[in-house]
Amino acid sequence: MADKRDYYEILGVARTATHAEISEAYRKAAIKNHPDKNPGDEEAVKRFKEAAEAFEILNDAEKRSRYDKFGHAGVGGQGGGRHFSDIEDIFEAFGDFFGGGAFGEMFGNRGGSRRRPRKGDDLRVDVTIDLLEAARGCKKTIRFERSRKCDDCGGSGARPGSTPQQCTYCGGRGQVVQQAGILRVQTTCPACRGAGSIVKDPCKGCKGQGYVAEQVVREVAIPGGVDTGMRIRVPGEGQPSPSGGPPGDCYCFLTVREHPLFQREGAHLICRVPINYTQACLGAEIEVPTLDGRREVKIPAGTQPGDILTLRGCGMPDPHGGRRVGDLHVQLDLEVPKSLTAKQEKLLRDLAEVEHTNVSPHRKNFLERLRDYVMPRDEIRREEAEQEKAS
């Protein structure tokens, strides 16, 4: 999108930057623009969120590859990476990157003693569509499996009538703090895995997990112009949060099938159309396929093999606006017939004589060769002259 900055520019790294260079650049940008270090500075908050979004894409090899190929459109959403609605989302996503709570300790103990409910995990669904669906947009029914709270225990994981017990390792906080010199690192409690409690008497319905699997069916609207590798976000359809937070999202990863007539290059389409020798020499009007049906195009006289005719606005639309931004390139290929009628061969040989072009001699069939063998040459010439005069 036009209003989004380049992710490499945001972090101040080259497009060839290594993973370590990207991580170090993000660390510096986050420390420099942290809200606790810049109180009341909304521009710093904006830069802090921009850096987190850029890092979320460039730190992931698959997302970075799609971004390098398609730009912001390749990583879904509104043309970019994950949207962080507030600062706490960033700490939730990248807390481990900064050494657990150490980053929070540096700037006012954000996320330290106050444990924020964690968002549920995201889900992935693979969706395959054809080129026409990708061009026009469509609706697809998706089916996937996710967890829901167990009806027997209400999600606690404990047998009905009992309750989970407070974790003695972390005192119910779900996190523990380790100190090495002046550095304090806050990490998830290894005993309760951040839950703050431990189930002693598990529920039989869910085996102590608190959740059971369910099948989900949803209809997803896919905008026109999407391409392979892009994704559609379905908010709130991911896994439920184990700590009472918001559910995760479901992401539909798209694959567009190859089309028998059109080859796609970004927003543009290429169609190879065969023409014959006379059409190339004399010019013609032919029908070519487009996404909207057949269309007549004029071939100029003297067209060369491989020449391209461009039909503006007949390619793929912009997935964020719906307007056709791509073109259809019609590549003209000269088609040489594998066999000729007698009349076609004679006309071409006459043309070869006019052009003084050296061509392969006429290939005689068995009966012609037999006639040459038994008839005198003068008689053969007289017969050929009569046949030519008659034609």
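Kindly check whether there is at least one residue in the range 337-349 that is out of contact with any Gly (no Cβ under 7 Å at 6 or more places or on another chain) and closer than 30 Å to D130 by Cα. Checked against the condition, which is being out of contact with any Gly (no Cβ under 7 Å at 6 or more places or on another chain) and closer than 30 Å to D130 by Cα, the range 337-349 yields no hits at all. Within the range 256-265, being surrounded by 14 or more Cβ atoms within 10 Å (Cβ to Cβ) and under 20 Å from I222 (Cα atoms) holds for V256, H259, R264. Just one residue in the set R143, R136 is within 30 Å of D68 (Cβ to Cβ) and not hydrophobic (A, V, I, L, M, F, W, C); that residue is R136. In the range 196-221, the residues that are in the same structural domain as E145 (by TED's automatic domain parsing) reach residues that are surrounded by fewer than 12 Cβ atoms within 10 Å (Cβ to Cβ) and not charged (D, E, K, R) with C-beta atoms within less than 6 angstrom, at least six apart or across chains, in these pairs: E219/T141.
The set of residues in the range 127-166 that are polar (S, T, N, Q), surrounded by fewer than 18 Cβ atoms within 10 Å (Cβ to Cβ) and more than 19 Å from R231 (Cβ to Cβ) comprises S162, T163, Q165, Q166. Within the range 234-245, the set of residues being surrounded by fewer than 18 Cβ atoms within 10 Å (Cβ to Cβ) and either among the charged types (D, E, K, R) or at pLDDT 90 or above (or both) comprises P235, G236.
Tell me, please, whether a residue that is modelled with pLDDT of 55 or more, farther than 26 Å from R233 by Cβ, assigned to a helix (DSSP H, G or I) and not assigned by TED's automatic domain parsing to the domain that holds T228 can be found in the range 54-75.
Within the range 54-75, not a single residue is modelled with pLDDT of 55 or more, farther than 26 Å from R233 by Cβ, assigned to a helix (DSSP H, G or I) and not assigned by TED's automatic domain parsing to the domain that holds T228.
Take the residues of the range 115-134 that are assigned to a loop (DSSP other than H, G, I, E, B) and of a type in the set (D, E, K, R): which is nearest to T290 (Cα to Cα)? Residue satisfying both the conditions and the ranking: D130. Listed here are the strands (runs of 3 or more DSSP E) enclosed by the range 183-261 that have at least 2 residues being farther than 23 Å from G321 by Cα: 183-188, 211-222. Which of the residues that make up the range 3-12 are touching a helix residue (DSSP H, G or I) at 6+ places or on another chain (Cβ under 9 Å), free of Cβ contacts under 8 Å to residues at least 24 places away in the same chain and either surrounded by 16 or more Cβ atoms within 10 Å (Cβ to Cβ) or not in a helix (DSSP H, G or I) (or both)? Of everything in the range 3-12, those that are touching a helix residue (DSSP H, G or I) at 6+ places or on another chain (Cβ under 9 Å), free of Cβ contacts under 8 Å to residues at least 24 places away in the same chain and either surrounded by 16 or more Cβ atoms within 10 Å (Cβ to Cβ) or not in a helix (DSSP H, G or I) (or both) turn out to be D6, G12.
Taking the residues in the range 310-349 that are crowded, with 17+ Cβ neighbours inside 10 Å, at pLDDT 90 or above and out of contact with any His (no Cβ under 9 Å at 6 or more places or on another chain) as candidates, determine which candidate is nearest to V226 (Cα to Cα). Residue satisfying both the conditions and the ranking: P317. Determine if the range 276-285 includes at least one residue that is under 30 Å from D333 (Cβ atoms), without any contact (Cβ under 8 Å) to a residue 12 or more places away in the chain and within 20 Å of the chain's Cα centre (by Cα). Among the residues of the range 276-285, not one is under 30 Å from D333 (Cβ atoms), without any contact (Cβ under 8 Å) to a residue 12 or more places away in the chain and within 20 Å of the chain's Cα centre (by Cα), which makes the answer no.
Please tell me if G322 is touching a helix residue (DSSP H, G or I) at 6+ places or on another chain (Cβ under 8 Å) and at positive phi. It is false that G322 is touching a helix residue (DSSP H, G or I) at 6+ places or on another chain (Cβ under 8 Å) and at positive phi.
The values are calculated or read from the model by the stated rules, or taken from the named source; none is laboratory data. Bear in mind that the values here come from a model prediction, so they are computed numbers and not experimental data. Note: ideal-geometry Cβ built from the backbone for every residue, glycine included; neighbour counts use all protein chains shown.
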